[in-house]
Amino acid sequence: MQLIYLIPFISAFIGWFTNWIAIKMLFHPRLPKKILGFTFQGIFPKQQAQFAQKLGKLVSEELLSFSDIEAKLTHPDNINKLMPYVETHIDQFLRVKLAEQMPVISMFIGDKTIQQLKSVFMTELSTLFPVIMKNYMNNLQNDLDLEQIVVAKVNNFSSDKLEQILNDIMAKEFRFVEIIGGVLGFIIGIIQVLLTLLS
């Protein structure tokens with residue numbers, strides 16, 4: 001009769017163990033193995049190609065679209081952040097490099113003329129930069145297939161690497177699933193003991 005009180009603990013162990021096995025079966029066995037006529041393989045190794053395709057599509061369409069990058073690059077706030085660097089470079093060019101390359105012309109360009117030239121250049125460049133960025137992004141989108149890059153990268157992951165990445169991301173969730181299995185097993189064990197004692 002005393003052994004009946006071990007049921008909750010045995011059930012808790014079974015609940016924890018089955019969930020632990022289920023988590024391990026996400027990644028193992030790495031390669032297909034036949035056991036009693038049935039073929040077994042870890043879910044992620046088996047579905048790696050499909051996982052790579054879906055992740056590639058998700059990244060290219062939802063997480064990192066070229067239109068979002070283009071909008072960010074051509075936003076006036078970001079263009080304005082570049083302008084002080086551009087202005088410094090133009091000033092350096094007009095005052096130093098132009099004098100070195102064309103000393104005769106530089107003799108006729110005073111500080112006032114330099115300021116006027118800078119103003120003209122800066123106005124023109126602030127209009128030109130968004131157009132350049134837009135054209136650059138269009139060319140980059142044609143040359144760079146984000147979806148295929150992600151698919152190739154994920155497909156080339158070793159099973160060990162894939163397991164490590166997912167464990168790094170979901171370690172707490174996996175542990176929680178194991179604990180929940182033990183807790184539910186313990187509760188079911190208690191119910192079994194109560195039903196036995198009351199019958």
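The values are calculated or read from the model by the stated rules, or taken from the named source; none is laboratory data. On a predicted model such as this, the values are computed, not experimentally measured, just so you know. Here the Cβ is made from the backbone with ideal geometry for all residues, glycine too, and neighbour counts use every protein chain on show.
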Query raised in the report: How many of the residues making up the stretch 57-82 are under 16 Å from Asn135 (Cα atoms), loosely packed, with under 13 Cβ neighbours inside 10 Å and of a type in the set (Asp, Glu)?
Result: 1
Query raised in the report: Does any residue of the stretch 126-145 turn out to be touching a Pro at 6+ places or on another chain (Cβ under 6 Å), modelled with pLDDT of 85 or more and over 29 Å from Gln50 (Cα atoms)?
Result: no
Query raised in the report: Taking the stretch 26-45 on its own, how many of its residues are of a type in the set (Phe, Trp, Tyr) and more than 24 Å from the chain's Cα centre (by Cα)?
Result: 2
Query raised in the report: Residues in the stretch 97-113 that are assigned to a loop (DSSP other than H, G, I, E, B) and either under 53 Å from the mean Cα position of the chain (by Cα) or basic (Lys, Arg) (or both): how many?
Result: 3
Query raised in the report: Among the residues of the stretch 47-104, how many are free of Cβ contacts under 8 Å to residues at least 24 places away in the same chain and touching a helix residue (DSSP H, G or I) at 6+ places or on another chain (Cβ under 7 Å)?
Result: 5
**Report entry** Of the criteria (1) surrounded by fewer than 15 Cβ atoms within 10 Å (Cβ to Cβ); (2) in contact (Cβ under 8 Å) with a residue 24 or more places away in the chain; (3) closer than 22 Å to Phe176 by Cβ, which one Ile4 fails
**Finding:** (3)
Query raised in the report: Hey, any hits in the stretch 18-26 for a residue that's part of a helix (DSSP H, G or I), out of contact with any Lys or Arg (no Cβ under 9 Å at 6 or more places or on another chain) and among the small types (Gly, Ala, Ser)?
Result: yes
Report task. Read through the list (1) in contact with a Phe, Trp or Tyr (Cβ under 8 Å, 6 or more places away or on another chain); (2) aromatic (Phe, Trp, Tyr); (3) closer than 21 Å to Val131 by Cα, then give the number of the only condition that Tyr85 fails. Result -> (1)
**Report entry** Subset of the stretch 130-157 (residues that are part of a helix (DSSP H, G or I), surrounded by fewer than 15 Cβ atoms within 10 Å (Cβ to Cβ) and of a type outside the set (S, T, N, Q))
**Finding:** Val131, Ile132, Lys134, Tyr136, Leu140, Asp143, Ile149, Ala152, Lys153
Query - Hits in the stretch 152-199 (condition: under 16 Å from Ala22 (Cα atoms) and without any contact (Cβ under 8 Å) to a residue 40 or more places away in the chain) - result: Asn167, Met170, Ala171, Lys172, Glu173, Arg175, Phe176
Requested in this report: All but one of (1) over 30 Å from His89 (Cα atoms); (2) more than 29 Å from the chain's Cα centre (by Cα); (3) surrounded by 12 or more Cβ atoms within 10 Å (Cβ to Cβ) hold for Glu178, so report the exception by its number.
Outcome: (2)
